[in-house]
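I have placed the structure first, in the form of structure tokens, so that the comments after it can refer back to it.
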Amino acid sequence: MSGAEKTIPLREGLWTEKGHDGQPHLLGHRCLDCGEVFFPRKENGICTHCHSQNLELIELSRKGQVHAFSVVMLRPPGGYYRGDVPYALANVLLDEGVLVEGLVTDVNLDDIKVGMDMELKIDKLHEDDEGNTVMTYKFRPSAA
Ligand SMILES: [Zn+2]
């Protein structure tokens, strides 16, 4: 390795490192006409609910509750997932009413429950072939 390894996001534009409160926030779109909230944001800028193009970029709440989850015991085929197994994937219902699927971290997998309070954490996903640290958004149990 050349020493030029970087820390890079899984995908640009999914979150901001420093939101209005200095904390990381996921970035979504809110439709100004019907109020629907989307994550990730609509790349084509069109609300799939009412077809409005009147979308505003918003910082989503860092907090939510587990709506559903599954524990994955085996490494998925295809090589796109390089993290630890088993791992948990949860659908977290954020305060805006939008469901976000993400990895769960900092918890014993047996302790995850529907309705559990979660908060956002930007965390390492894996290292890519160039030695870069790829970051993604995850959810961890929230104290509040
Ligand atoms: Zn709309």
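The values are calculated or read from the model by the stated rules, or taken from the named source; none is laboratory data. In this text the structure is predicted, and so the values were computed from the model without any measurement. For neighbour counting, all protein chains shown are included, and Cβ atoms are generated from backbone atoms with ideal geometry for every residue, glycine included. Protein only, heavy atoms only, side chains kept; ligands, DNA and RNA dropped before computing areas. Shrake-Rupley method; radii C 1.70, N 1.55, O 1.52, S 1.80 Å.
Which residue is farthest from PRO141 (Cα to Cα), if the candidates are limited to the range 100-114 and must be open to solvent by 30 Å² or more (accessible area, probe 1.4 Å) and touching a residue at least 40 places away in the same chain (Cβ under 8 Å)?
In this case the residue turns out to be VAL114.
Among LEU74, LEU26, LEU99, which is more than 16 Å from the ligand (Cβ to nearest atom), at pLDDT below 95 and out of contact with any helix residue (DSSP H, G or I) (no Cβ under 8 Å at 6 or more places or on another chain)?
Unique residue meeting the criteria: LEU74.
Give the range 118-136 a look and list any residue that's outside any loop (DSSP other than H, G, I, E, B) and open to solvent by 60 Å² or more (accessible area, probe 1.4 Å), or say none.
LYS124, GLU127, listed by residue number.
Taking PRO76 as meeting all but one of (1) under 20 Å from LYS124 (Cβ atoms); (2) not in a loop (DSSP other than H, G, I, E, B), write down the number of the exception.
(2)
Looking at HIS20, HIS67, which is the one that is farther than 26 Å from GLY115 by Cα and more than 14 Å from the ligand (Cβ to nearest atom)?
Among HIS20, HIS67, only HIS20 is farther than 26 Å from GLY115 by Cα and more than 14 Å from the ligand (Cβ to nearest atom).
What residue, of PHE139, PHE69, is more than 19 Å from THR16 (Cβ to Cβ) and outside any loop (DSSP other than H, G, I, E, B)?
PHE69
Counting just the residues of the range 76-96 that are touching a Gly at 6+ places or on another chain (Cβ under 9 Å) and farther than 15 Å from LYS138 by Cα, which one comes out surrounded by the most Cβ atoms within 10 Å (Cβ to Cβ)?
The qualifying residue surrounded by the most Cβ atoms within 10 Å (Cβ to Cβ) is GLU96.
What number of residues within the range 45-66 are open to solvent by less than 60 Å² (accessible area, probe 1.4 Å) and part of a loop (DSSP other than H, G, I, E, B)?
8
I'd like to know if the range 32-44 contains one or more residues that are of a type in the set (A, V, I, L, M), touching a residue at least 60 places away in the same chain (Cβ under 8 Å), more than 16 Å from the ligand (Cβ to nearest atom) and out of contact with any His (no Cβ under 6 Å at 6 or more places or on another chain).
no
Scanning the range 1-31 for residues that are more than 30 Å from ASP129 (Cβ to Cβ) and surrounded by 13 or more Cβ atoms within 10 Å (Cβ to Cβ), which turns out farthest from the chain's Cα centre (by Cα)?
CYS31
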